[in-house]
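In what follows, a structure is listed as structure tokens, so that the remarks can point back to it.
Rule-based calculations on the coordinates, nothing more; no lab input. Source: prediction; values computed, not measured. No Cβ is skipped: glycine too gets one built from the backbone with ideal geometry, and neighbour counts run over all protein chains shown.
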């Protein structure tokens, strides 16, 4: 499963991300808050991991099967793609 083309590490690096999970997009002025899992997923995507690799990384971290986590990470990436212009 691939990461939406728009969600490049360069684009994601533009986001201001606080330790609390607060995210601000200076390009659009939008902001949102992520829970710990969302923040971990965003960190993986910002590091250049694709959706599948992000799911694998979180699966290892959470001791869950990657195929269980993959649909949620894919949905998260699609949501980011819709929110970030």
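Tabulated data
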{"read-out": "Cβ-Cβ under 8 Å pairs, at least 6 apart or on other chains, region 13-26 side free of Cβ contacts under 8 Å to residues at least 60 places away in the same chain and on the phi > 0 side of the Ramachandran plot, far side in a loop (DSSP other than H, G, I, E, B) and surrounded by 13 or more Cβ atoms within 10 Å (Cβ to Cβ)", "value": "21/34"}
{"read-out": "In region 69-85, the residues that are in contact with a helix residue (DSSP H, G or I) (Cβ under 8 Å, 6 or more places away or on another chain) and outside any helix (DSSP H, G or I)", "value": "84"}
{"read-out": "Positions within region 23-39 being in a helix (DSSP H, G or I) and surrounded by fewer than 16 Cβ atoms within 10 Å (Cβ to Cβ), in sequence order", "value": "36"}
